[in-house]
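Student: Would you mind keeping the following structure in view while I ask a few things?
The values are calculated or read from the model by the stated rules, or taken from the named source; none is laboratory data. Predicted, not measured: the structure shown is a model, and the values here were computed from it. Glycine also receives a Cβ, built like all others from the backbone with ideal geometry; neighbour counts cover every protein chain displayed. Side chains are part of the model used for accessible areas, which takes the heavy atoms of the whole protein and leaves out ligands, DNA and RNA. Shrake-Rupley method; radii C 1.70, N 1.55, O 1.52, S 1.80 Å.
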Amino acid sequence: MTQFLNFLGHMEGNKVFKQSKWPKTLIFEKSTPGRIGYQVPELSSEEEKVLEKAKRTISSDLLRENSPNLPEVSELEVVRHFTRLSQMTYGVDSGFYPLGSCTMKYNPKICDTAASMIDAQNIHPYQPEDTIQGSLQIMYELAKWLAELSGMAGVTLQPAAGAHGEYTGIMILRKYHESQNNLAIKNEIIVPDSAHGTNPATVSMCGFKTIVIPSNNDGCVDIDALRSSVTNKTAGMMLTNPNTLGIFEPNIKEITDIIHDVDGLMYYDGANFNAIMGKVRPGDMGFDIVHFNIHKTFATPHGGGGPGAGPVGVVSHLIPFLPVPSVAYNSTSDFYYLNYNHKQTIGKVRSYFGNFSILLRAYTYILRLGQTGLTRVSEMANLNANYMKAQCARIDGFSVPYGENSSCMHEFVLSAKKLYKETEISALDISKYLLDNGLHPPTVYFPLIVPEALMIEPTETEPKEIIDDFIQVIRNISKLAYSGKKEDIQNAPINTSVGRIDDVKAARDPIISYRMLKKQKKN
Amino acid sequence: MKRSSIQEVIPALHSIQHLSHPFLPQTESQIKTMLKTMNVSSIEDLYSIIPKELRFEGKLNLPKTHSEQETLRKIQSVLQKNVTTDDLISFLGAGIYPHFIPSVVPSIVNRSEFITSYTPYAPEVSQGMLQGLWEYQSMIAELTQLDLVNSSMYDFATTLGEAALMSTRATKKNTFLVPEYIQPERLNTLITYTTGPKLKIVTYPCDKLTGQADLEKLTSIIELKRNQISGVYIENPNFWGVIEEEIVQIGELTHDQNSLFIIGFDPISLGLLRSPGELGADIAIGDGQPLGLPMNFGGPLLGLFAVKNDKKLVRAMPGRIIGLTTEINSSNRAFTMTLQTREQHIRRERATSNICTNNALCALASTVYLSLIGPHGLKSLAETSLAKAHHLAERLSMFDEISSPHFTGPFFKEFVFTLNSPSLMDSFTKFMRTRNIIPGLSLIKDFPSLGSSYLASVTEMTTSSDMELFLDTVLEFFRTHGGK
């Protein structure tokens, strides 16, 4: 009876969660010569004749001798192989996914329905404008909505992902300084030490030097350090607000003033935009360039790594620098068109116009929530995060080093420093034990300024019951660790499709394709 | 009941209706409990840290909340303004191609565990996605005959930018050679990507008759830029559809300079044509869109990035890489992201690229596609496209008013044809449009030297009746527009 009650009470508990453990047979190893998974339509006899003639036009040393070594499997074998792989994959639809800074909220199914419409999919980007009015209207309206949400004057939808948006934004910054004949001097961009790695990496790709400034004791930008780093060489500053600690920079106006005083531009990293919709806008804080992570804030699925979309908004004097084309509308003729006429454009950052099927999902999402709904999204994201923070900070062994006594925004960073020091249970161990409980772990060991960091972002779509379950597992970890019953934690995960993985071996002798595996077996 | 009390009730009901939403689960009483636990009196208090003068107090100019039905109705009504390629006879290609997508592909890719997972930072619960991406890397490695493949990038154009940057990292040289006939989207992206690190882009000419790279002129450019060349780029088949017959020699020339040889490819062509690996490529790049992805108005696509197995090159590679290893405590297979010390989250400003989110789900789609299609299917597809393209080129050549194909070099699934009378181009395009025919991509803007030319693309989706209707319409056009 006790067991039965336990079962009911811990639906997410480790007594229940078991991930599929299918054998890791490669699809190549399932191959049987002669099997096919798809039948290519046959050529007509006339086309057969043309084929022979056409092949003779290509000299034999340019033709492939052996067909590529792809697997030969039947349709069912393909379906079963990949269905099993999906069963060994954990998504938001499987359970709680509080991966900090990744905003793993529910991805509404209606958005997938919209994106799978034939009228959206079977469109070639080079079709005449009169045949793509629907797609252009979606893009035009979405860009307007994003501008409104961020307080920007113009938005490009081209960038393919958040980091690609950063790239686009910093190239706009670069082109702006070039237009002011300042590029020779302005070669430094300021990035806080708590920033995402994509910020400094982007700075380098765009030909600038990263100047790292430390955070102060509150986890915010150290104004004195900022002042002493800012010179006439400062081209701009990249900032996430709320920052990666989930803390809103209270001195944001002072920061933007300091940068603007040396003719620098302020770049807003939109990774944490989910916290502030309808509450405060980057444009009103003094930012000049903003990127959005569509796959975070606007609920488009992350697909195991992508595709995403990273639209970029700018203030009005930077509109001429946006990548081409933009989508424009002629109200007189009620006609949408592609506008290549941006005189100082940075050019193109990718082919065509953007990740349309992702943008269409975001358009659908915004319609579904609407003006009041989006504000409520941010409110509930922050409520959930603050509730979790308040509970987790009280658990023995854990602390919230930054912002313990004030409100966080949509996420917070929990430190297991004390637990690690006193019981040797690390943030990594905790993350593995969470897996055994059917919960995706938070982002661990980031930001780097927090020891044994667990960066937790519950999002607005998780019910209180699930959040409470998570908190309970953290409590259990603390209890187990301090009572010396650490084995379950240290041996975790055991309920997943594999246990802990040998990363060192993976990097020392990389096997990243079947070709390499075959060669290794030969040796 | 008094009138006033009704008014009191209605706004209250309205506000509950107003605040609850299927995506937002917390009930009013749960919200109260949560706030109490935190000793906070209202949600608004959670925003008190934001300076008042910065707060947005207005009303966002955004649409109202739409129900699911309303949303779908609205989207359908907007998208209906599109004309799909199903309702056109389209010979548009030039980088994005309509290929048939077997039903299995969307059925697998839309499985919710795949689609709603993040980058596999927790490998123990992400083995399926990791294995799928490892198999993707493996299949692209088989196609290209190059061992090292990253787990996807955004598109062809950005892989070209990344390849150029990688060539500089690997060789410490800064001049990058590209053919003059490169697809404009790719060239413009390359120019943007090479601006920051100050790479010099030098174009080399092609032979106006064959449509192929001009080996002689390329040789003299290489001679002139000796010791400065980080890489030489070529596409095969090239943007005009022509197969490069001197590609091996160009590769050798490149390697003589200790520069990287980079080949852009169409994955479907590799069922028929010699692979980039065999042709001497150090890096092969392309777009995986033909492998099971809808055209989607140009995105998302799938940047393919394959590299020769070389210790120095692997450390210079951009993008995420999935490795095969074992569990710590057993010899059981396990997959994990590896060689991460190249990447932005570890190496920060010294990373090989800033790429983080990539196009993993598109990579998975192409893996399912290639599993279905198999080695023989890929060959048949390539042959079908070749045969149909040649058939169309030949039929068009029967018109005195058309030069088809424009170039003498052998071609794969695309070819350039030219109207002999330049003044007819506008009316030709318009006439075709009235019949819902798009004869291909007009090249007049990007390649004016080719005259009134179109780049026509043919795949297995082009039916014989489409082709006949197009040819009949061409005949009709010339009859009515001063031809014979």
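Student: With a 1.4 Å probe and all protein chains left in place, how much accessible area per residue does segment B:231-283 have, in Å²?
Tutor: In whole numbers, segment B:231-283 has 21 Å² accessible per residue.
Student: Using the Cβ atoms and a cut-off under 13 Å, what net charge is assigned to the surroundings of A:ASP222, where Lys and Arg are +1 and Asp and Glu are -1?
Tutor: -4
Student: Leaving ligands and nucleic acids out of the surface, order A:ASP218, A:ASP130, B:ASP287 by accessible area at 1.4 Å, largest first.
Tutor: Result of the area sort, largest leading: A:ASP218, A:ASP130, B:ASP287.
Student: Kindly express, to the nearest 10 degrees and within the range 0 to 90, the angle between helix B:156-171's C-alpha long axis and the longest C-alpha principal axis of chain B.
Tutor: So the helix axis and the longest Cα principal axis differ by about 80 degrees.
Student: Hey, another quick one. Between A:ASN232 and B:ASP45, what is the label-point separation in nm under the 7 Å Cα-to-beta-carbon projection?
Tutor: 5.1
Student: With solvent modelled as a 1.4 Å probe, how much accessible area in total do chains B and A shield from it at their shared surface, in Å² to the nearest 100?
Tutor: That pair of chains buries around 17600 Å² in total.
Student: Only counting protein heavy atoms at a 1.4 Å probe, give the residues of segment A:292-324, ordered by number, whose accessible area falls by 40 Å² or more when the other protein chains are present relative to the chain alone.
Tutor: By number: A:HIS302, A:GLY303, A:GLY304, A:GLY305, A:PRO307.
Student: Per residue, how much accessible area does segment A:379-504 show when a 1.4 Å probe rolls over the protein heavy atoms, in square angstrom?
Tutor: 33
Student: Just to confirm a number: summing +1 for Lys and Arg and -1 for Asp and Glu over residues other than A:LEU480 whose beta-carbon lies under 11 angstrom from that of A:LEU480, what do you get?
Tutor: +1
Student: Now for a separate question. With a 1.4 Å probe and all protein chains in place, put A:LYS519, A:LYS296 in order of accessible area, largest first.
Tutor: If we order A:LYS519, A:LYS296 from most to least accessible, we get A:LYS519, A:LYS296.
Student: Counting pairwise Cα distances across segment B:104-369, what percent come out greater than 30 angstrom?
Tutor: Percent of Cα pairs beyond 30 Å in segment B:104-369: 27.
Student: What ³J(HN,Hα) values, in whole Hz, does the Karplus curve 6.51 cos²θ - 1.76 cosθ + 1.60 give for segment B:399-414 when θ = phi - 60°, with x put for Gly and Pro?
Tutor: 7, 5, 7, 10, 9, 8, x, 5, 9, 8, x, x, 10, 9, 10, 10
Student: Distance in nm between label sites at B:SER107 and A:SER316, each 7 Å beyond Cα in the beta-carbon direction?
Tutor: Rounded to a tenth, the inter-label distance reads 5.5 nm.
Student: Using a probe of 1.4 angstrom, how much of the accessible area of chain B is carbon and sulfur, in percent? If you can, show how the numbers build up before the last one.
Tutor: Details: 9050 of 17280 Å².
Reported share for carbon and sulfur atoms: 52 percent.
Student: How much accessible area per residue does segment A:114-368 have, in Å², with a 1.4 Å probe?
Tutor: 25
Student: May I pose another question? What number results when the radius of gyration of segment A:379-504, computed over Cα atoms, is divided by 2.2 N^0.38 Å?
Tutor: Values: Rg = 14.0 Å, N = 126, 2.2 N^0.38 = 13.8 Å.
Relative to the rule-of-thumb radius for its length, segment A:379-504 sits at 1.01.
Student: Compute the acute angle (0 to 90°) between the alpha-carbon long axis of helix B:360-397 and the principal axis of greatest extent of the alpha-carbon atoms of chain B; round to the nearest 10°.
Tutor: Long axis of B:360-397 versus the principal axis of chain B: about 40 degrees.
Student: For B:THR429, what accessible surface area do you get with a 1.4 Å probe? Give it in Å², rounded to 10.
Tutor: 60
Student: Which whole-Hz couplings ³J(HN,Hα) result when phi for each residue of segment B:47-57 is put into the Karplus expression 6.51 cos²θ - 1.76 cosθ + 1.60, θ = phi - 60°, listed in order with x for Gly and Pro?
Tutor: 9, 5, 5, 7, x, 3, 5, 8, 4, 8, 9
Student: Hey, can you grab everything whose amide H is under 5 Å from the amide H of A:ILE501? Only 5+ residues off in sequence or another chain; H modelled, so Pro and N-termini drop out.
Tutor: For A:ILE501, whose amide H was placed from the backbone, the distant partners under 5 Å are B:ILE328.
Student: If I take R0 = 41 Å and measure r between the Cβ atoms of A:TYR445 and B:THR27 in this structure, what FRET efficiency does the formula 1/(1 + (r/R0)^6) give, to the nearest 0.05?
Tutor: 0.70
Student: Sort B:VAL78, B:VAL83 by heavy-atom solvent-accessible area, probe 1.4 angstrom, most to least. Intermediate values should be presented prior to the final figure.
Tutor: Working: B:VAL78 5, B:VAL83 35 Å².
Largest to smallest exposure gives the sequence B:VAL83, B:VAL78.
Student: Okay, next question. Given H placed on each backbone N at 1.01 Å, which residues far from A:VAL280 in sequence or on other chains put an amide H within less than 5 Å of it?
Tutor: Residues meeting the criterion, in which the H sits 1.01 Å from N, are B:PHE56.
Student: Then there's this: Can you give the average number of partner chain beta-carbon atoms within 10 Å of each beta-carbon in peptide A:378-389, as a whole number?
Tutor: Counting other chains' Cβ atoms within 10 Å and averaging over A:378-389 gives 5.
Student: Can you give the FRET efficiency to the nearest 0.05 for A:ASP257 and B:VAL202, using r as the Cβ-Cβ distance and R₀ = 45 Å?
Tutor: Values: r = 44 Å, r/R0 = 0.98.
Working from the Cβ atoms, E equals 0.50.
Student: What does the extension gain come out to for B:SER220 and B:VAL248, with contour length at 0.36 nm per residue minus their alpha carbon separation?
Tutor: Result: 8.4 nm gained on full extension.
Student: Related question: Assuming R0 = 30 Å, what is the FRET efficiency of A:LEU76 and A:LYS518, from their Cβ-Cβ distance, to the nearest 0.05?
Tutor: On the way: r = 26 Å, r/R0 = 0.87.
Computed FRET efficiency for A:LEU76 and A:LYS518: 0.70.
Student: May I pose another question? Report A:TYR445's accessible area, 1.4 Å probe, all protein chains in place, as a number in Å² to the nearest 10.
Tutor: Using a 1.4 Å probe on the heavy atoms, I get roughly 90 Å².
Student: Give A:LYS186/B:LYS52; B:LYS36/B:LYS59; A:LYS279/A:LYS417; A:LYS21/B:LYS312; A:LYS209/B:LYS217 a once-over and call out the pairs whose C-alpha atoms are over 31 Å from each other. Walk me through the numbers on the way to the answer.
Tutor: Values: A:LYS186/B:LYS52 33 Å; B:LYS36/B:LYS59 29 Å; A:LYS279/A:LYS417 34 Å; A:LYS21/B:LYS312 37 Å; A:LYS209/B:LYS217 38 Å.
In this structure, A:LYS186/B:LYS52; A:LYS279/A:LYS417; A:LYS21/B:LYS312; A:LYS209/B:LYS217 lie more than 31 Å apart at Cα.
Student: Of the beta bridges DSSP finds with both residues in segment B:104-369, what % are antiparallel, to the nearest 5?
Tutor: Of the beta bridges lying entirely in segment B:104-369, close to 45 percent run antiparallel.
Student: If you don't mind, another one. Apply the a/c threshold of 1.5 to the C-alpha gyration tensor of the protein assembly as shown and tell me whether it is rounded, prolate or oblate.
Tutor: prolate
Student: While we're looking at this one, here's another question. Cut-off under 18 Å on the C-alpha distance; same-chain residues fewer than 8 positions from B:LYS311 excluded. Which aspartates and glutamates are left, in chain and number order?
Tutor: B:LYS311 reaches A:ASP509, B:ASP147, B:ASP282, B:GLU343.
Student: Report, ordered by chain and residue number, the aspartates and glutamates lying within cross-link reach of B:LYS74, taken as a straight Cα distance under 20 Å and ignoring same-chain residues fewer than 8 apart.
Tutor: A:ASP112, A:ASP119, A:ASP130, A:GLU141, A:ASP334
Student: Quick check: the angle from helix B:127-144's long axis to the longest principal axis of chain B, C-alpha only, nearest 10 degrees?
Tutor: 10
Student: In nanometres, what is the gap between the two model label sites at A:VAL212 and A:LYS21, each 7 Å from Cα along Cα-to-Cβ?
Tutor: Output for this residue pair reads 4.1 nm.
Student: Give the carbon-plus-sulfur fraction of the accessible surface of chain A in %, rounded to a whole number; probe 1.4 Å, heavy atoms of protein chains only.
Tutor: Answer for chain A is 49 percent, counting heavy atoms of protein chains only.
Student: Can you check what the net charge comes to around A:GLN133, using other residues whose Cβ is under 13 Å from the Cβ of A:GLN133 (Lys, Arg +1; Asp, Glu -1)?
Tutor: My count for the surroundings of A:GLN133 gives -4.
Student: What lysines sit close enough to B:LYS430 to cross-link, taking a C-alpha to C-alpha distance under 19 Å and skipping anything fewer than 8 places away on the same chain?
Tutor: Here the lysines satisfying the reach criterion relative to B:LYS430 are B:LYS445.
Student: Shifting gears a bit: Set Lys and Arg Cβ to +1 and Asp and Glu Cβ to -1, take the dipole of the protein assembly as shown about its Cα centre, and tell me which of B:VAL78, A:VAL155, A:ALA427 lies farthest positive.
Tutor: Going by the charge dipole, the pick is A:ALA427.
Student: Add -39500 (n - 2.57) for each DSSP H run of 4 or more in the protein assembly as shown, then divide by its residues: what number comes out at 222 nm, to the nearest 500 deg cm²/dmol?
Tutor: Value at 222 nm, helices only: -12000 deg cm²/dmol.
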